[in-house]
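First comes the structure, then the notes that go with it.
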Amino acid sequence: MRSHYCGGINESHIDETVTLCGWVHRRRDHGGVIFLDLRDRDGIAQVVFDPDTPDSFAQADRVRNEYVIQITGRVRRRPEGTENDHMATGQIEVLGKELTILNESATPPFPLDEYTEAGEDVRLRHRYVDLRRPEMAQRLRFRSRVTSYLRNFLDGEGFMDVETPVLTRATPEGARDYLVPSRTHAGSFFALPQSPQLFKQLLMVSGIDRYYQIAKCFRDEDLRADRQPEFTQVDVEASFVTEEDIMNAMERMVRNLFSDLLGVNLPEFPRLPYAEAIRRFGSDKPDLRIPLELVDVEDLVQNVDFKVFSGPAKDRKGRVAALRVPGGSELTRKQIDDYTEFVGIYGAKGLAYIKLNDRSAGIEGLQSPIVKFLGEEATMAIMDRVEAADGDLVFFGADKASVVDEALGALRVRLGHDLGMVEGEWAPCWVVDFPMFEEDDDGKLHALHHPFTAPVSAEELQNNPAGALSRAYDMVLNGTELGGGSIRIHDEATQNVVFNSLGIGKEEAREKFGFLLDALRFGAPPHGGLAFGLDRLVMLMTGAGSIRDVIPFPKTQNATCLMTDAPGEVDEKQLRELHIRLRRSAKSDQDDSN
Ligand code: ASP
């Protein structure tokens, strides 16, 4: 139906007759001449109709924004002074001869011809219109370039694209499963995979040796942060490899991706042990562009009268840390109140601080609600330890270690942005030496990655599981976890020790993971891998504000699709076929939980 894309015509087409199809982006009537900006996925071309061609002129007069039209006309240079250097097609226009209206359009739910901040709800409800916006279309196109680049890279390195099932058994990655009732097996359910983890490991047992897949993963989580119930991973696994092999290959892949698609040379990827990352940045995905660090001070406050500090300082699971903010004494009371509220989100009960106005004046030179409780000695020792200078402010976190880590870790990032301290554009790193497990408040162990991750030492795993390190690694960029993986357990005995540490008894392990345990007995090679979150990667690369902006049809924060209205009710007959009777009407269930 067309000879060119709108965005594809330029000065080389002058005097050619072209046929274009697309949407009317904007229509302007300039006293006797009608200008239509015609848009397709490649860009916008200006088409001019004048009364010399009365039929098409009349049609052009009739079209409105977002009408779908086909035009034929001759490409010509724009009259001098009317060129638009901001447009790829800005030097030319098409003198329209014919215009066919292919379809009309109702008034769009939000204007596309000018920059407007349409509410996200209305954008999601009419996503097909939203995706017409050039910035959204560009992001989808970029995403497609990323996936095709990664496929090429992996194909070139001998990785094989293999699909794994979506209807499967639970794959524990720490979230709730989405379940699918079986019609043919009353009372039984499939689970949608939280990741292809177990299948890719089984493919290694099969001798596939190098696998990848751009795979949909499903996790029924409370969508606090910028998460989606279904998201995409670039999933990779290889046999006969060490951590170094995987990390080097993946680092090369990401480095090449950034340089070839963005022209960005990523700096070195430093390796940070998990414990150091938590100690210095309060996070296992530190944003290394921000030059602020947490400093432990519990040894200095163990014996002060101030219980808020001495309590956590004496507690094995507590932490007292300081965060020095250079020049921070300029912060106003109101700003400090806002930060106090902010750390409250992470469970911190308050945010103590000391402003250092004049160091030479000793304790008199400090301004703080807590110094009188802390005492001079401890206070000055802290000031020394954090190397505070005049004009600095020191924030404190004192609580359970996890609360301090999260609160000060997040505050550090927020301050870095608020105070313009972000250094450099890209700061990647690897976080390594993760513990195998984390302990909850009841002393129960949970896998930090997933239960298939190999320990550094089988002995340590046996004797001191809570302290055992794993062979896991995460790739982090600008404070975002881009991907994570590990070398896996490839023998049944070690796998059983891990299950045991997690409180998964023999019977349960057999019932849930019997197929894996069996496979490990039939010649499983050493293997390992990693998975990247494609949505996050594309979000970072395009500078989008949310992963929703790089997913064509995302769900809302509470896991619904505003466009299709999913999830929806199903009729009684379908339920009966699935052997399901609702306990109460879903509606009253929801009313109860509200
Ligand atoms: N399956 C893991 C995940 O989804 C990635 C991996 O260990 O390769 O995080």
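Students often get this wrong: which residues of region 270-285 have the backbone nitrogen under 20 Å from the point 7 angstrom along Cα-to-C-beta of Glu251? The answer is 270-278, 284-285, whose backbone nitrogens lie closer than 20 Å to the label point. For Asp442 and Arg145, the FRET efficiency from 1/(1 + (r/R0)^6), where r spans their Cβ atoms and R0 equals 51 Å, is about 0.60. With neighbours defined as other Cβ atoms within 10 Å of a residue's Cβ, the residues His417, His449, His126 order from fewest to most as His417, His126, His449. Counting charges near Ile208 (Lys, Arg +1; Asp, Glu -1) among other residues having Cβ under 11 Å from its Cβ returns a value of -1.
Between the residues Thr379, Gly282, Ala352, the greatest Cα displacement towards the positive end of the dipole of the chain, with unit charges on the Cβ of Lys, Arg, Asp and Glu, is found for Gly282. Taking 7 Å steps out from each Cα toward its Cβ at Asn464 and Asp155 produces label points 5.0 nm apart. Calculated FRET efficiency, Asp518 to Glu376, Cβ-Cβ distance, R0 = 56 Å: about 0.25 to the nearest 0.05. Packing around the peptides 279-288, 328-337, taken as the average count of other Cβ atoms within 10 Å per residue, puts them in this order, highest first: 279-288, 328-337. Only the Cβ atoms of Lys and Arg (+1) and of Asp and Glu (-1) were treated as charged; on that basis the dipole of region 94-238 about its Cα centre amounts to roughly 200 debye.
Note on Thr242 and Asp226: the model spin-label points, each 7 Å out from Cα along the C-beta direction, lie 3.7 nm apart.
Ala389 sits among other residues whose Cβ lies under 14 Å from its own Cβ, and their net charge, with Lys and Arg +1 and Asp and Glu -1, is -2.
How would you classify region 182-308 from its alpha-carbon gyration tensor, with a ≥ b ≥ c the square roots of the eigenvalues: rounded for a/c under 1.5, else prolate if a/b is greater than b/c, otherwise oblate? Judged from the Cα gyration tensor, region 182-308 comes out oblate (a/c at least 1.5, b/c at or above a/b). Panel order for Cys561, Cys217, by other beta carbons found within 10 Å of each beta carbon, from fewest to most: Cys561, Cys217. Relative contact order of region 163-298, taken over Cα pairs closer than 8 Å and 6 or more residues apart, is 15 percent. Each listed q (0.05 Å⁻¹) maps to a log10 I(q)/I(0) for the chain from the Debye sum over equal C-alpha point scatterers, namely -0.32. Relative contact order of the chain, taken over Cα pairs closer than 8 Å and 6 or more residues apart, is 13 percent.
Summary of packing: across the peptides 418-430, 341-353, the per-residue average of other C-beta atoms within 10 Å ranks them, highest first, as 341-353, 418-430. Of the peptides 319-326, 479-486, 573-580, the order by per-residue mean of other Cβ atoms within 10 Å, starting with the highest, comes out as 319-326, 479-486, 573-580. The lysines within cross-link reach of Lys444, meaning a Cα-to-Cα straight distance under 23 Å and a gap of 8 or more places when in the same chain, are Lys314, Lys317, Lys400, Lys506, Lys512. The value of relative contact order for region 396-471, using C-alpha pairs under 8 Å at least six residues apart, is 25 percent. Remark: spin-label model distance Asp15-Glu98 equals 2.3 nm, labels positioned 7 Å along the Cα→Cβ axis.
Which shape class applies to region 298-379: rounded if a/c is under 1.5, otherwise prolate when a/b exceeds b/c and oblate if not, where a ≥ b ≥ c are the square roots of the Cα gyration tensor eigenvalues? Note, shape of region 298-379 comes out oblate.
The lysines whose alpha-carbon is closer than 22 Å to the alpha-carbon of Lys555, local same-chain residues fewer than 8 away aside, are Lys216, Lys587.
What does the C-alpha gyration tensor say about the overall shape of region 145-229? Classify as rounded when a/c is under 1.5, otherwise prolate if a/b is larger than b/c, or oblate. Oblate, because a/c is 1.5 or more while a/b does not exceed b/c. Fully extending the segment from Glu117 to Val166 would add 13.9 nm, taking 0.36 nm per residue of separation and subtracting the current Cα-Cα distance. Here the dipole of the chain is about 1220 debye; that uses its Cα centre as origin and unit charges on the Cβ of Lys and Arg (positive) and Asp and Glu (negative).
Computed from the C-beta positions of Glu364 and Asp338 and an R0 of 35 Å, the FRET efficiency is 0.80 to the nearest 0.05. Look at where the Cα atoms of region 408-469 and of region 51-77 average out, and the two centres are 61 Å apart.
Coordinate-derived values only; no laboratory data. These numbers come from a predicted model, not from an experiment. Using ideal geometry, Cβ is built from the backbone for each residue, glycine included, and neighbour counts are taken over all protein chains shown.
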